[in-house]
């Protein structure tokens with residue numbers, strides 16, 4: 001068991017979650033997932049990021065050893081003090097995994113006329129990103145695709161916000177909108193001046209719903225000629241919806257309308 005607060009294991013984990021974490025994660029091809037919920041999905045899912053090292057306290061081991069056989073995993077037992085030094089949370093659950101970032105390629109999702117994607121264009125809030133991934137998992141969205149300049153989808157706050165859904169819904173980063181539109185998808189975005197109400201939207205082929213930056217919306221530099229403008233009817237008094245709330249409504253609609 002590791003008890004020293006000078007352990008290189010602590011330094012490694014802190015590098016992946018620190019202020020320079022994005023650069024470190026991309027360089028190492030690793031990220032950190034903390035807590036029982038993420039560990040449960042990582043251990044039982046046949047897809048998604050693979051655990052490379054699982055750090056457990058004695059209490060943490062008790063929590064996860066009922067989920068699966070741990071013999072094949074690289075487990076490092078640590079003291080409560082070491083886990084606290086590694087953790088970003090106030091009260092660690094005694095479970096922290098260093099996972100491999102998958103090598104993802106859009107070609108791994110061949111189009112079949114029924115694919116449904118969500119594209120995040122320069123969104124910045126990790127809570128929004130994580131909640132959108134969680135909703136995508138709930139409504140059977142095929143993938144979350146993020147533009148260059150969007151929040152790091154493997155940052156600790158995003159990973160926690162997904163509540164384990166990162167192991168069920170593929171994510172793709174640094175994909176330009178032009179690259180996505182070149183795939184011939186039916187594309188639409190939300191806007192107050194949209195000429196189609198969401199309930200009236202018909203999906204005729206593989207499609208992508210595009211969501212812009214929380215403050216600025218979709219960049220005006222983007223070529224939006226091929227993108228349908230859709231609005232969510234709101235009979236109440238609120239002028240707008242939080243990004244993740246709007247995305248969830250759209251995903252619910254996509255999950256419940258047949259393709260033509």
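Every test in (1) under 21 Å from the mean Cα position of the chain (by Cα); (2) free of Cβ contacts under 8 Å to residues at least 40 places away in the same chain; (3) surrounded by 17 or more Cβ atoms within 10 Å (Cβ to Cβ) is passed by residue 21 save one, and that test is (2). The set of residues from segment 95-130 being within 29 Å of residue 59 (Cα to Cα) and crowded, with 23+ Cβ neighbours inside 10 Å comprises 95, 96, 97, 99, 130. Within segment 11-41, track down each residue that is over 18 Å from residue 78 (Cβ atoms) and part of a helix (DSSP H, G or I). Across segment 11-41, the qualifying residues are 21, 22, 23, 24, 25, 26, 27, 28, 37, 40, 41. No other residue among 68, 104 is in contact with a strand residue (DSSP E or B) (Cβ under 9 Å, 6 or more places away or on another chain) and not in a strand (DSSP E or B) apart from 104. Among the residues making up segment 156-171, those that are within 17 Å of residue 37 (Cβ to Cβ) and in a loop (DSSP other than H, G, I, E, B) are 162, 163, 164, 168, 169. Inspection of segment 74-88 finds a residue satisfying the criterion of being free of Cβ contacts under 8 Å to residues at least 12 places away in the same chain, more than 29 Å from residue 173 (Cβ to Cβ) and more than 17 Å from the chain's Cα centre (by Cα).
Per-residue answers, yes or no, for (1) under 22 Å from the mean Cα position of the chain (by Cα); (2) modelled with pLDDT of 90 or more; (3) in a loop (DSSP other than H, G, I, E, B); (4) buried (at least 18 other Cβ atoms within 10 Å of the Cβ):
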residue	(1), (2), (3), (4)
150	yes, yes, yes, yes
179	yes, yes, no, no
184	no, yes, yes, no
193	no, no, yes, no
209	yes, yes, no, yes
224	no, no, yes, no
238	no, no, yes, no
248	yes, yes, no, yes
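When 126, 110, 199 are checked against the criterion of being in the same structural domain as residue 234 (by TED's automatic domain parsing) and closer than 29 Å to residue 23 by Cβ, 126 stands alone in meeting it.
Report yes if some residue within segment 183-196 is out of contact with any helix residue (DSSP H, G or I) (no Cβ under 9 Å at 6 or more places or on another chain), outside the structural domain of residue 89 (by TED's automatic domain parsing) and on the phi > 0 side of the Ramachandran plot; otherwise report no. There is at least one residue in segment 183-196 that is out of contact with any helix residue (DSSP H, G or I) (no Cβ under 9 Å at 6 or more places or on another chain), outside the structural domain of residue 89 (by TED's automatic domain parsing) and on the phi > 0 side of the Ramachandran plot. Among residues of segment 112-126 that are free of Cβ contacts under 8 Å to residues at least 40 places away in the same chain, those with a beta-carbon under 8 Å from a residue that is surrounded by fewer than 21 Cβ atoms within 10 Å (Cβ to Cβ) and not in a loop (DSSP other than H, G, I, E, B) at least six positions away or on a different chain give the pairs 126/157. Take the conditions assigned to a loop (DSSP other than H, G, I, E, B), within 30 Å of residue 13 (Cα to Cα) and not assigned by TED's automatic domain parsing to the domain that holds residue 44 and apply them to residue 174. Does it pass? Against the criterion (assigned to a loop (DSSP other than H, G, I, E, B), within 30 Å of residue 13 (Cα to Cα) and not assigned by TED's automatic domain parsing to the domain that holds residue 44), residue 174 qualifies.
The test for being under 30 Å from residue 248 (Cβ atoms) and in a helix (DSSP H, G or I) does not hold for residue 118.
The values are calculated or read from the model by the stated rules, or taken from the named source; none is laboratory data. All values derive from a computational prediction rather than experimental measurement. Methodologically, a virtual Cβ is constructed for each residue, glycine included, from the backbone with ideal geometry; neighbour enumeration extends over all protein chains shown.
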